[in-house]
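Encoded as structure tokens, the structure appears first; notes follow it.
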Amino acid sequence: MMKATLFPFVAITGQEKVKRAILIALVNPKVGGLLISGEKGSAKSTLVRSAVEFLPDSSDLLTLPLNAGEEMIFGTVDLEKAMIHGQKKFLPGLITRANGKIIYIDEINLLRQELLTAVLDTNSSGINRVEREGISYSERVSYTVIGTMNPEEGTLPKPVLDRFGLFVETEHLTEMQERVEVIKNLLCYSQNVEEFCRLYQEETLHMTEKINSARKMLIEVEISEAMVILAAQYSAKAFCEGHRAELFLLEAASAIAALAGRTYVLPGDLEEAAFFVLPHRMRQLQQPEKQQAPPEEQSEQEEPPKEDPNDKENDLEEPSSNNEQLPSEDTPKEQETSENLEDDNNEPNHQDNKDESKENDSSAAEEKTADIDYNFYMPKMLLALGKDRKIRRGSGKRSTTRTDLKQGRYVRSAQAKGEVSDLAFDATIRAAAPYQKIRSHEWCSINITKDDLRNKVREKRIGNTFIFLVDASGSMGARERMRAVKGAIFQMLQEAYQKRDRVGMIAFRRQQAEVLLPVTRSIDLAQKCLQQMPTGGKTPLSAGLQEALALLSTLNKKDKDTEAILIVVTDGRANAVTENDTDPVETALKMADKFNNIRVTSLVIDTESSYIKLGVARKIAQRMGANYYTLSKLSKEQILRIVRNN
């Protein structure tokens with residue numbers, strides 16, 4: 001009955017890569033699961049749920065809800081037997097029922113990370129071990145995890161991504177014919193479900209037979225030593241850590257061979273498998289910075305190498321950033337500003353350096369006030385700050401934290417210490433159940449003692465405090481660089497408003513740094529301050545870092561309910577010399593070291609775009625333990641991932 005109401009898998013328009021990945025996962029459970037990423041409305045959930053047509057029974061696909069607790073997933077004490085018979089018996093959870101089946105997690109990126117990690121660990125080890133509430137239980141299990149997610153709502157940490165054998169992104173349907181076909185199919189399906197499914201019944205049956213045949217043939221598929229070597233070469237070329245990549249490559253290639261009706265693996269099978277296995281676990285090898293070559297030599301070096309059309313290894317593209325995000329296709333409007341900035345890096349002329357030197361020759365240089373580039377593309381920020389162990393009472397929509405308020409999501413229980421302020425009734429009953437047979441029931445049906453009481457542990461979302469430390473020196477005014485900087489900050493302010501964050505702003509130029517905007521929730525005030533910020537004079541980078549350090553130290557002491565994020569925007573060309581400071585760069589680096597003494601997450605956006613790069617901003621980021629991005633590369637990022645490194 002359930003299968004008849006599902007939208008047929010074979011009737012879904014487009015998304016051929018996603019369909020292929022699902023078939024591979026259905027044929028071979030050893031591929032390590034599948035993660036599907038895509039924008040809303042791209043048929044992610046529909047594809048997974050409709051794949052139940054190819055399974056022996058509709059119950060072979062189990063859905064793990066986001067609000068599920070540990071006891072529901074892994075099992076707990078059987079309350080009925082505990083209370084009536086006084087026996088501690090194990091009540092199996094979803095993991096036990098999923099043995100040999102598929103667990104589907106929609107919006108998997110929103111599931112509590114500790115639960116997701118435990119589900120993946122259990123599948124990897126093959127043992128479900130439960131020790132809680134006076135019971136100890138273990139069993140062998142094997143299942144396939146398929147998850148779907150919208151990257152706009154946040155991504156998964158890299159260690160979690162690496163656990164998934166396959167990864168695929170949905171395609172955006174741009175062809176008018178495809179979009180029309182989607183609408184027609186949906187209209188036909190809504191008008192007569194049974195008739196629509198009947199149209200694709202024969203094709204569905206053919207696909208089911210193909211999958212069943214591939215499953216039977218899988219055990220006969222042989223992998224030659226040459227294919228093992230090729231898998232290792234693919235993984236090495238992608239700079240994959242560990243050896244999961246090679247194993248998943250071979251398992252996926254075996255499934256592809258079985259689907260093709262072969263008992264041996266071909267290089268083409270590995271090439272197709274690499275498309276699903278490698279993208280989410282690629283690493284970009286950090287190359288040491290080389291000394292800039294003269295213009296004549298550099299122009300020769302920058303000539304692109306001739307591609308060998310027979311070299312299929314060129315198809316494996318490496319990620320374009322140190323933050324390991326795969327690039328997205330940008331629209332011309334989004335790329336306009338970043339391309340202008342990037343062109344500065346490639347043009348072998350020194351005009352930009354001359355402009356900057358003119359601006360910095362005198363502290364009394366003419367001030368300029370750049371406009372805000374409202375069209376500057378800025379990727380969405382994602383704070384990957386890890387588990388927040390502090391109890392906070394703030395409000396907002398960005399970070400998840402523990403709270404002692406009677407608000408937020410009930411995620412687990414803990415034994416009550418002192419006053420019971422938020423009773424976890426279910427956990428309290430489970431704790432008391434095994435002892436009911438030996439307790440007195442003169443005045444009650446359930447005898448609960450103080451040791452049985454459990455409190456609810458809740459989580460809620462709060463905002464963060466963003467401190468912008470902006471370089472407003474003369475070098476930032478060269479070639480309208482400040483206009484792009486203001487555009488980037490403006491986009492971050494807009495996002496801060498949506499997430500109910502607080503913002504503050506510090507600018508440094510000439511010989512000093514000053515707080516232009518104390519910490520506030522008024523984004524309008526922050527925008528006005530940004531609009532009126534002038535540029536001119538030298539670069540007192542150390543003074544700016546010192547002012548930011550003082551402000552952050554004060555915030556950490558006064559405001560315990562939010563976590564501060566420091567965003568430094570500078571080209572790093574420190575040149576403000578004082579009587580006691582003859583080396584401004586070294587002084588700035590020493591000041592950056594002091595940020596390791598306070599708990600603060602930071603981001604450095606390097607605006608240096610001249611031909612000869614000093615690389616001071618990168619060194620500042622390294623000494624601070626900060627995340628590092630260049631302004632010209634931001635448009636190539638899907639997510640601006642800010643990770644706590646200290």
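The values are calculated or read from the model by the stated rules, or taken from the named source; none is laboratory data. Note that the structure is predicted; figures quoted are calculated from it, not measured. In this analysis, Cβ positions are derived from the backbone assuming ideal geometry, glycine residues included, and neighbour counts consider all displayed protein chains.
The lone criterion from (1) free of Cβ contacts under 8 Å to residues at least 60 places away in the same chain; (2) surrounded by 16 or more Cβ atoms within 10 Å (Cβ to Cβ); (3) touching a strand residue (DSSP E or B) at 6+ places or on another chain (Cβ under 8 Å) left unmet by TYR264 is number (2).
Return yes or no: is THR400 of a type in the set (S, T, N, Q) and either modelled with pLDDT of 75 or more or over 23 Å from MET72 (Cα atoms) (or both)? No, not satisfied.
Taking only the range 23-63 into account, find how many residues are among the aliphatic types (A, V, I, L, M) and in contact with a strand residue (DSSP E or B) (Cβ under 6 Å, 6 or more places away or on another chain).
9
Looking across the range 140-191, the residues that are in contact with a helix residue (DSSP H, G or I) (Cβ under 7 Å, 6 or more places away or on another chain), in a helix (DSSP H, G or I) and assigned by TED's automatic domain parsing to the domain that holds PHE9 come down to GLU153, VAL160, LEU161, ASP162, ARG163.
Please go through the range 436-483 and give me each residue that is crowded, with 22+ Cβ neighbours inside 10 Å, modelled with pLDDT under 75 and of a type in the set (D, E, K, R), ordered by number. Hit for the range 436-483 is ARG481, nothing else.
Got a sec? Which strands (runs of 3 or more DSSP E) wholly within the range 1-110 have at least 2 residues that are outside the structural domain of VAL221 (by TED's automatic domain parsing) and not hydrophobic (A, V, I, L, M, F, W, C)?
102-106
Taken as a whole, the structure places GLU133 among residues that are more than 30 Å from MET282 (Cα to Cα), at pLDDT below 85 and either assigned by TED's automatic domain parsing to the domain that holds LEU6 or surrounded by fewer than 16 Cβ atoms within 10 Å (Cβ to Cβ) (or both).
Assigned by TED's automatic domain parsing to the domain that holds LEU551, closer than 17 Å to ALA617 by Cβ, assigned to a strand (DSSP E or B) and more than 32 Å from the chain's Cα centre (by Cα) - does that describe any residue in the range 478-485? Within the range 478-485, not a single residue is assigned by TED's automatic domain parsing to the domain that holds LEU551, closer than 17 Å to ALA617 by Cβ, assigned to a strand (DSSP E or B) and more than 32 Å from the chain's Cα centre (by Cα). Among the candidates THR155, THR174, which residue alone is out of contact with any Pro (no Cβ under 7 Å at 6 or more places or on another chain) and exposed (fewer than 14 other Cβ atoms within 10 Å of the Cβ)? Within the list THR155, THR174, the selection yields THR174.
Being in contact (Cβ under 8 Å) with a residue 40 or more places away in the chain and farther than 17 Å from ARG281 by Cα: is that true of ALA226 here? Considered against the rule, which asks whether it is in contact (Cβ under 8 Å) with a residue 40 or more places away in the chain and farther than 17 Å from ARG281 by Cα, ALA226 comes out as no. Checked across the range 446-457, the condition of being among the aliphatic types (A, V, I, L, M), within 25 Å of ALA68 (Cα to Cα) and under 36 Å from the mean Cα position of the chain (by Cα) holds for at least one residue.
What do you reckon, is LYS594 modelled with pLDDT of 85 or more, more than 27 Å from PRO159 (Cα to Cα), in the same structural domain as LYS486 (by TED's automatic domain parsing) and out of contact with any Lys or Arg (no Cβ under 7 Å at 6 or more places or on another chain)?
yes
The sole residue among LEU173, LEU161, LEU166 that is farther than 30 Å from TYR264 by Cα and of a type in the set (A, V, I, L, M, F, W, C) is LEU173. May I ask you to list pairs of residues, at least six apart or on different chains, whose Cβ atoms are under 6 Å apart, with the first in the range 563-583 being modelled with pLDDT of 80 or more and the second being aromatic (Phe, Trp, Tyr)? Partner pairs satisfying both residue conditions: ILE565/PHE466; ILE567/PHE468.
As a summary of the residue check, ALA543 satisfies the conditions (1) free of Cβ contacts under 8 Å to residues at least 40 places away in the same chain; (2) assigned to a loop (DSSP other than H, G, I, E, B); (3) hydrophobic (A, V, I, L, M, F, W, C) except for the one numbered (2).
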